Amino acid sequence: MSGADTLEDRRVEDLAHQVTETSDKNVPILLLAIQDILDSVIPSSQRASKVKKDIWNFDLLQSVLLALRQDFSLIQGKWNTAASLAKILAHCAVGLEPTDTYEYNAIFLPEASERLLILARNIQFRYMKIPEKTLTLKDDLIKDFKEVIEALQWLISGHVFLTMHVLRSNYLLQMLITDDKETAIVILGLFQNAVRVNPMVLQTLDEKVVHSLLDEVIYKLSAFNDAEVGAAATRALVNIADVHQQLIRLLYTRYKGLRPLLSRWTGKGFGRDLKKLLGLLDAGSTQQAEMQRLHRAAKTIQAVWKGFQTRRQLKKANKAFTRLQKSFREKQVQRDLHAEKERERRELQHQLLVSRRQAIRQTRQKQLDMITAMAPGKVDAYLQMSQIAAAVKLQARWRGIIERRKLGLRQATAKQVRAAITIQRVVRRFLKRLEEKKREPLLFRPPPGLTDERRVDLQRTIDQHREAHPPKQLSRQLQQELHDEAQEMLGRYLSVRMAHRKNYQRREALLASLETDADLLSDAPKLCDLTDRDMHKFTSHSAPIAAKALANHKEQMLMLRQPWWKKLNAGERTDEEAEQDYDSNIL
């Protein structure tokens, strides 16, 4: 047994001892502690079942039942205490599995339901006796009354067989007969919930009891004008008819004027239930009512199926959300582990740094002790040697830092040098290939008509000429003069080659221009067909040419205006004569 179970057992046992030792007037107040014990455990759990069993074994439930017999107007808390005890009784009785089931089911539970009905009847009686001016007291009593009825409903929902005891109780009929609106609505709700919990209860009850209950419900519809009472009565009849099919025939045969009675409730705010009840009455037969019931059952099945699909989708969504939460938690755990490892690493670095500092401190302390033990004359020399060694180390470290800083630049420079070497190698190979191509002899192209026979004849002629005219032996001086002459000729050729090339290009351009002009003149249209576009073709954009063309045009026009005798020697005139004639005509 765990420590929590032991605690509940001890609390129940202590409460039982206190109840046995106190007076009857204080028992209800002490029994309210059972609610604290029930609240300390999870409902519907094994611990809750064990606590309820312990409460039963210590006769605390029997004490609650006996305490409900007292007059709570004299007890502290009054009827609020009674309502709390009724709630405790119902909650302890539901889910309790005692060893003696016969005593529990056959004696205790019927007596408990009867006691709750009596308590509700007493609260209702006092509620009706209080004048309307004391609204606070009436509100407290109706609240306690509702709590007692809710406790009774909870009790019969856990023990279905109690519905028969409740419905055939005279106290229920007495509470239903009263003309109070608030309590009547609550009792009608109890009636319909009891039938809904046990649909077969009306068949097991005496017909007289059923008629009495229905008479009171129909009376509420006929005598009351309040819409809430009418809605509660109509809802009770509809819900009872849904689970008890014989009620349709009973309403149709026993209460002939029910339909006109229901018509006066039209437009009072509960039209849905009223329309459903009128439909049942209009059916007039069990077959029609059964068809309507089947129709409603089909709707219910569809609603259940849709609800099942929705719950299945929600279940899938919950599973997906659970997986998402799991993955998120795993990621969070990994992140925490990483943070923990990082913290351990930093802690290790800190410890290493601390240990290193301690080692340095110990080394310096040893050096100090050694200096202290040395002779005074050797201390200066030792310190000077230490300074030199430290300076050497610092210089070495600093040179290392400088070299490491220059390492990246040197690597980049080396990479550039290797790239330049590679580029130069490729360029040299390219230039070498160009030079080799220049030095390659041109492919021999034999002139047209040179056949093998003709080539043999020419070669024979050349050989004969060489034999007939052998070369003369030249001296060194003549060879030098011949070489100088050749060099001079080559120099003259190279000096005039660019000029000859420019003249050649100029001639080629002039020939191309002449060919273009000739084509333009040959394709020129007649003067009558001339357009601005054609005139634009014959227009020159060069100023000297345009000036020369204008001068020639004026000269030609002048010649056309000259007398005939001046045109006889027009082709033999010089330029000076033409200019003189032109100037004289202008003047």
Quiz item: out of contact with any Asp or Glu (no Cβ under 8 Å at 6 or more places or on another chain), at negative phi and not small (Gly, Ala, Ser), is that true of Leu65?
Solution: no
Quiz item: Name the helices (runs of 4 or more DSSP H) wholly within segment 491-587 that hold at least 1 residues that are at pLDDT 85 or above?
Solution: 543-561
Practice problem: May I ask you to list the residues in segment 123-151 that are within 14 Å of Glu182 (Cβ to Cβ) and either touching a strand residue (DSSP E or B) at 6+ places or on another chain (Cβ under 8 Å) or outside any helix (DSSP H, G or I) (or both)? | Solution: Ile130, Glu132
Quiz prompt | Only listed residue being of a type in the set (S, T, N, Q), free of Cβ contacts under 8 Å to residues at least 24 places away in the same chain and under 22 Å from Glu207 (Cβ atoms), chosen from Thr266, Thr253 | solution = Thr253
Practice problem: Answer yes or no as to whether Leu407 is more than 30 Å from Gln367 (Cβ to Cβ) and assigned to a helix (DSSP H, G or I). | Solution: yes
Quiz item: Hey, Gln46 hits all of (1) in contact (Cβ under 8 Å) with a residue 24 or more places away in the chain; (2) within 15 Å of Leu96 (Cβ to Cβ); (3) surrounded by fewer than 21 Cβ atoms within 10 Å (Cβ to Cβ); (4) within 59 Å of the chain's Cα centre (by Cα) but one; which does it fall short on?
Solution: (1)
Quiz prompt | Boolean, Ala391 is exposed (fewer than 10 other Cβ atoms within 10 Å of the Cβ), without any contact (Cβ under 8 Å) to a residue 24 or more places away in the chain and not assigned by TED's automatic domain parsing to the domain that holds Gln246 | solution = no
Self-check item: Selection count, segment 9-20, where residues are surrounded by fewer than 17 Cβ atoms within 10 Å (Cβ to Cβ) and either of a type in the set (Phe, Trp, Tyr) or closer than 19 Å to Arg69 by Cα (or both)
Solution: 1
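Every residue, every condition in (1) outside any helix (DSSP H, G or I); (2) among the acidic types (Asp, Glu); (3) touching a Gly at 6+ places or on another chain (Cβ under 9 Å); (4) at pLDDT 90 or above, yes or no:
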{"position": "Leu278", "(1), (2), (3), (4)": "no, no, no, no"}
{"position": "Asp282", "(1), (2), (3), (4)": "no, yes, no, no"}
{"position": "Glu290", "(1), (2), (3), (4)": "no, yes, no, no"}
{"position": "Gly307", "(1), (2), (3), (4)": "no, no, no, yes"}
{"position": "Ala339", "(1), (2), (3), (4)": "no, no, no, yes"}
{"position": "His350", "(1), (2), (3), (4)": "no, no, no, yes"}
Quiz item: Looking at Ser40, is it surrounded by fewer than 17 Cβ atoms within 10 Å (Cβ to Cβ) and farther than 25 Å from Leu173 by Cα?
Solution: yes
Quiz item: What number of residues within segment 118-148 satisfy the criterion of being among the hydrophobic types (A, V, I, L, M, F, W, C) and surrounded by fewer than 19 Cβ atoms within 10 Å (Cβ to Cβ)?
Solution: 7
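The values are calculated or read from the model by the stated rules, or taken from the named source; none is laboratory data. All figures in this text were calculated on a predicted structure; none of them were measured in a lab. Positions of Cβ are generated from backbone atoms using ideal geometry, with glycine treated the same way; all protein chains shown enter the neighbour counts.
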